[in-house]
Structures are given as structure tokens and as C-alpha cells.
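Contents: one structure, followed by commentary.
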Amino acid sequence: MTHWVGITGGIGSGKSTATALFADHGVPVIDTDIIARELTVSHGAAIPALRQTFGDALIDDAGSLKRPEMRRLMLAHPTAKQQLEAVLHPLIREETYRQQTLFQAAYGLIAVPLLAESPYFQALVERVLVIDCPEDLQIARIIQRNGLSEAEAHALLAAQTTRAHRLSIADDVIENDADLIHLQQEVTRLHQFYTELFSDGTH
Ligand code: ATP
């Protein structure tokens, strides 16, 4: 039986980079962001329910969810976010369960960017790994990567839960506040820890 660790972190914290480094060690990865995207593109499994909930105006001619329009609707009507999640979350969970059965390893990672905001997904994992970094570094990274202004970067950060709340759900933490070599070393350290922790004869 494969044990599952949830990996999460704030925007620009380095969770995708860290997840890729675990994958380099051969660790299976299930990415709920990718699942969510696949559910909402043309012929995605969520499209019929989204059409029923939000009407035709939010679905383009190819049958994909219009993401910018959806974001605007959620800003104007906070209940739209709950409606979207009510459609998507059970489908994401179902697909995650399906993918979990495909792997045979001591442990694997489930990447859930909004794990702290969505307790619904915490039941999928045995442990939570938070990629943590100081907020000024998060801001600097997303300004550089996405070409945003400082105000836009601050607004994105403010839309997420707090660093303290995210850390409160962590079993393990990687401080990604130095260079990539440091991150690589931290990933290797935790990979060894998880391999030992989960090689307990129960898988
Ligand atoms: P998002 O939530 O926006 O998808 P993320 O948490 O997945 O972000 P990454 O995309 O992994 O974060 O990293 C954000 C940016 O910071 C990337 O450009 C990445 O290359 C860079 N980065 C991450 N960690 C480090 C590090 N230790 N040293 C230097 N750059 C880093």
C-alpha cells in the first residue's frame, strides 16, 4: 500500500520546484491542479455540471470553462466560488482516488496548492508537507516569474490563507528561503525520512 503525503505551500513558495525534485527521486506525484484543469477543458468531466450551474455563458464554443469569466464571477459573487468547488471538489477527489490505485511505492505525493484552505482534501493524505518561505521572498519570486507589480503580488498573497495557518496544518516543513541547492538537500533529507517512515511493512 502506498502512503500519501500532501504537499502544499503559498503562491511562489516553491512547491512545484520541490515536487519536481521529489519526482526526480522516483516518487509518484498526483497533481490536483492538473486534475482540476483537465476536468474543466473541452469534454472535461465537470463541464456538464458547470453548464447546469452557471449556464452557457461561462462555457466557450469548444466546451471549455472560460477561466477569466469564472474568476470575475467569483470576485463579484463569493457564492460562485462555493458553487464551483461543490462541482469540482468531489470530481477531483474521485480522480485522485483513481490515480492512487495506479502506483506501487512506499509513498507518493499529492500536490494540493490550497490544502490549508480546503480541509476536504486533508483526508486524502496521512501527512502534510508545507513548503514555507518568508512573504517578501514569495513576493519577489512571483514578481520575477509572472512579471507582476508589487501591488498585484501582494493582492495574490492576501487572497490565500496566512503563512501561520498553513504552518499549523504541517507535519513537516521545508524552509525554502535559500538557493536551489539548499532546496534539493532538504528534499533529499525528507525523501530519506519518508522512505524510512513508510517502509514499515504496511505497504
Ligand atoms: P505557484 O503557487 O505560483 O504555482 P509554486 O509554489 O509552485 O508557485 P514555484 O513555481 O516552484 O512555486 O517557484 C516559484 C519561482 O521561484 C519559480 O520561478 C522558481 O524557479 C523559483 N524558486 C523556487 N525555489 C527557489 C529557490 N530555492 N531558489 C531560487 N529560486 C527558486
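The values are calculated or read from the model by the stated rules, or taken from the named source; none is laboratory data. Predicted, not measured: the structure shown is a model, and the values here were computed from it. When we count neighbours, we look across all protein chains shown, and the Cβ atoms used for this are built from the backbone with ideal geometry, even at glycine. Surface accessibility is based on the protein's heavy atoms, side chains included, excluding ligands, DNA and RNA. Shrake-Rupley method; radii C 1.70, N 1.55, O 1.52, S 1.80 Å.
Where a ≥ b ≥ c are the square roots of the eigenvalues of the C-alpha gyration tensor, would you call the chain rounded, which needs a/c under 1.5, or, failing that, prolate if a/b is larger than b/c, or oblate?
In terms of gyration-tensor shape, oblate.
Using DSSP H assignments, which helices in the chain have an axial alpha-carbon span of 20 Å or above and a mean Kyte-Doolittle hydropathy of -0.5 or higher?
Qualifying helices, which must be both long enough and hydrophobic enough, are 180-197.
Whole Å is fine, so just give me how far the alpha carbon centre of the stretch 138-198 lies from that of the stretch 1-33.
Between the Cα centre of the stretch 138-198 and that of the stretch 1-33, the gap is 11 Å.
Would you mind working out the magnitude of the charge dipole of the chain relative to its Cα centre, with +1 at each Lys and Arg C-beta and -1 at each Asp and Glu C-beta, to the nearest 20 Debye?
Here the chain has a charge dipole of around 520 debye.
Find the relative contact order for the chain and round it to a whole percent, using C-alpha pairs within less than 8 Å whose residues are 6+ positions apart.
Numbers: 270 pairs, mean separation 74.6, N = 203.
Relative CO of the chain lands at 37 percent.
Looking at the stretch 128-203, which chymotrypsin sites (Phe, Trp or Tyr not before Pro) are DSSP coil and have at most 11 other C-beta atoms within 10 Å of their C-beta?
Sites meeting the loop and neighbour criteria: none at all.
In what sequence, largest accessible area first, do 197, 91 appear using a 1.4 Å probe?
Largest to smallest exposure gives the sequence 197, 91.
As a test of the formula, what do you get for the chain when each DSSP H run with n ≥ 4 contributes -39,500 (n - 2.57) and the sum is divided by the residue count, at 222 nm and rounded to the nearest 500 deg cm²/dmol?
Working: 9 runs with 105 residues, N = 203.
Value at 222 nm, helices only, nearest 500: -16000 deg cm²/dmol.
About its Cα centre, how strong a charge dipole does the stretch 87-154 have in debye, to the nearest 20, once Lys and Arg get +1 and Asp and Glu get -1 at the Cβ? Each step should come with its number before you reach the end.
On the way: 5 positive and 9 negative charges, 66 e Å.
Approximately 320 debye in magnitude.
Using 0.36 nm times the number of residues separating residue 24 and residue 98, minus their current alpha carbon distance, what extension gain do you get?
24.4 nm
First compute the accessible area of the stretch 24-167 with a 1.4 Å probe, then give the percent of it belonging to carbon and sulfur atoms.
The computed percentage sits at 54.
Can you pull the percent of Cα pairs in the stretch 1-111 with separation above 22 Å?
More than 22 Å apart: 43 percent of the Cα pairs in the stretch 1-111.
Suppose all protein chains stay in the model; what accessible area per residue would a 1.4 Å probe give for the chain, in Å²? Write down the numbers at each step before the final one.
Details: 10810 Å² over 203 residues.
Per-residue accessible area for the chain comes out at 53 Å².
So if I place +1 on the C-beta of Lys and Arg and -1 on the C-beta of Asp and Glu, and nothing else carries charge, what would the dipole magnitude of the stretch 101-197 be about its Cα centre? I want it in debye, nearest 20.
Using Cβ point charges on Lys, Arg, Asp and Glu, the stretch 101-197 gives about 240 debye.
In square angstrom, rounded to the nearest 10, how much accessible surface does residue 190 have for a 1.4 Å probe?
Probe radius 1.4 Å; accessible area of residue 190 about 0 Å².
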